[in-house]
Amino acid sequence: MEPLLNLNIVQGPLLFAFYAASLLAVLYLLVRSVVLPPALRPSKGGPVQRSLPKLPRPRAWLITVTVAVVGGAVIGAVTLYVCEKVLDVFGIPLDPDTRVWVVAAFAGVALALVNLWRSRWWRKTVAVVAVALFITTATLGINAGYGLNSTLGSLLNLNPVHHLALPKLSPALQQSSAAALWQNWTAPAGMPTVGRTGTVAIPADASGFPARDAYLYLPPAALVDNPPPLPVLVMMMGQPGGPEQSQLAVQELDAMAKQHQGLGPIVLTVDQLGSPYQNPLCVDSPKGNVGTYVTVDVVNYIHKNLNVAADRARWAVGGYSNGGECALSFGAKRPDLFGSILDISGELEPRDGSIANTVSKVFAGNQAAFDAEKPANILKAHKYKDELAIFTSGSLDRTYTPQAVKAQADAKAAGMNTLRFTGTGVGHRGDAVQYGVKAGLPLLYKRFGLSAP
């Protein structure tokens, strides 16, 4: 089962196998013997042939499949419009290729359904299988486009559990200064060349929030016998999604560590959702005490289990999309915990679909409570003297780039030191995560004392 869950579904043979199978299914369902030249049609006669269903006439079949495909596509387009524009189910506009996949899936399903009419049993079987095939292929295509869930297990939220073995805790290290590690650290012989990643379970003692396992990245310097007190970056990913999507950043983390004698931040990507299909927002509410989970349970876990620096300037909170808004919110509320913020294509306010739905479902109809949780209002209520906030987004991201501009302006007005980066050709997908980490890490390295200022 584990090899199946670890299959790459963003690129590779599995993805292209589904594309090819769907194309063959479409061709089979489109072409019936009635539209073939007479020489290619099945021969008639005999008691078995006479007992088979009467096939539609060629003209009638062509009209039928045309109406089915067009009708299915229209239904798909209307469904998208209602979900996006009327109900605001996703909270953001979908990308064009996502819309194409949805419309194509509806058209394919409609094509399969009309093949159940006046057909032989084997065509009916293919049609039924094709329905599942078209839906699966569209799902895989959409996921590949966003590039966030790289494995089948990640997409299905069925990741194999292999808890990471943690290095021995050295409490005395947490009390020492992590300043200027780039000057006084020398990599010992035998230090691993790359970091180590895996899941860890964080007890929700204070919050009771049912979070999924977090993903932990330990840089090479954290894996030696006497590790230095390293900085820490608490990350959160988008919705739908989960902590495992932070694997997109591992290559850049390892590359940076290689350039700095194995030094790097310990990165703990936590689950602020509880499920890829829900969005409790990063507040304490009837949908879950996410705020307490991150600022109390997660922080306590780090102090009790990891060799990290105690200085708040060596602590950062970051996130992508939904997680980006959470990072800005937590960083704004708790500058005593987090000295830096990395907001990657973050949302501007806590939203679960429409504002009306958010206020009703999360804040029990209390508009004032919702307004109070907007990062802009949190920032206005504070003045910051030593807080670094980094905002990144993609040039192709027409929704979150303007929001990043506004968020940076709010943070700067509140006294934070802010920096803003826009990735050329980057959208609101896995490329946004990779770009945000690549843009933000060098700045965090300087802030953390891992590289020369």
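All of the numbers you see were taken from the coordinates with simple rules; none came from a lab. Because the structure is a prediction, the values reported are computed rather than measured. Note that each Cβ is placed from the backbone with ideal geometry, even for glycine, and that neighbours are counted across all protein chains shown.
Taking amide H positions as placed in the peptide plane 1.01 Å from N, state which residues far from Thr418 in sequence (5 or more) or on other chains have amide H under 5 Å from it.
The answer is Ala389.
Using only the alpha-carbon atoms, how far is helix 430-448 inclined from the longest principal axis of the chain? Give it as 0 to 90 degrees, nearest 10.
Result, in degrees: 0.
If the only charges are +1 at each Lys and Arg Cβ and -1 at each Asp and Glu Cβ, what is the size of the charge dipole of the chain around the Cα centre, to the nearest 20 debye?
The calculation lands at about 2060 debye.
I'd like the Kirkwood hydrodynamic radius of region 239-348, using the inverse of the mean 1/r over distinct C-alpha pairs, in Å. Spell out each step's value before the answer.
Values: mean 1/r = 0.0681 Å⁻¹.
By the Kirkwood definition, the hydrodynamic radius is 14.7 Å.
Note the angle between two axes, namely the Cα long axis of helix 400-413 and the longest principal axis of the Cα atoms of the chain, as a number of degrees from 0 to 90, rounded to the nearest 10.
Helix 400-413 sits roughly 20 degrees off the main axis of the chain.
Let me understand the chain better: what is its radius of gyration from the alpha carbons, and its Dmax, in angstrom?
Values for the chain (Cα only, Rg and Dmax): 26.4, 92 Å.
Under 10 Å from the Cβ of Asp271, count the other residues' Cβ atoms, weight Lys and Arg +1, Asp and Glu -1, and hand me the total. Write down the numbers at each step before the final one.
Working: positive: Arg212; negative: Asp213, Glu244.
Here the count lands on -1.
Enter the Cα centre distance for the pair region 78-92 and region 383-407, rounded to the nearest angstrom.
Taking the Cα centre of each part, region 78-92 and region 383-407 sit 25 Å apart.
Give me the extension gain from His162 to Asn417: residue separation times 0.36 nm, minus the current Cα-Cα distance, reported in nm with one decimal.
Working: separation 255, 0.36 × 255 = 91.80 nm, distance 3.90 nm.
Going from the current span to full extension adds 87.9 nm.
Taking the Cα centre of the chain as the origin and placing charges on Cβ (Lys, Arg +1; Asp, Glu -1), which of Phe363, Gly195, Leu133 is farthest toward the positive end of the dipole?
Sorting the options by dipole projection puts first Leu133.
Pull up all non-local amide H partners of Gly198: gap of 5 or more, or a different chain, and H-to-H distance under 5 Å with H placed in the peptide plane.
Leu216
Tilt of helix 96-114 relative to the longest C-alpha principal axis of the chain, in degrees (0 to 90, nearest 10)?
The answer is roughly 30 degrees.
What are the chymotrypsin sites (Phe, Trp or Tyr not before Pro) within region 54-131 that DSSP puts in a loop, where the Cβ has at most 15 other Cβ atoms within 10 Å? Present the calculation step by step, with values, prior to reporting the outcome.
Details: sites: Trp61, Tyr81, Phe90, Trp101, Phe106, Trp117, Trp121, Trp122; in loops: Phe90, Trp117.
Of the chymotrypsin sites (Phe, Trp or Tyr not before Pro), the ones in loops of region 54-131 whose Cβ has at most 15 other Cβ atoms within 10 Å are Phe90, Trp117.
Report the full-extension gain for the segment Thr125 to Leu169: residue separation times 0.36 nm, less the Cα-Cα distance, to one decimal in nm.
Between Thr125 and Leu169, full extension yields 9.9 nm more.
Give the cross-link partners of Lys383 among the aspartates and glutamates, using a straight C-alpha distance below 16 Å as the criterion and excluding same-chain residues fewer than 8 apart.
Partners found: Asp336, Asp410.
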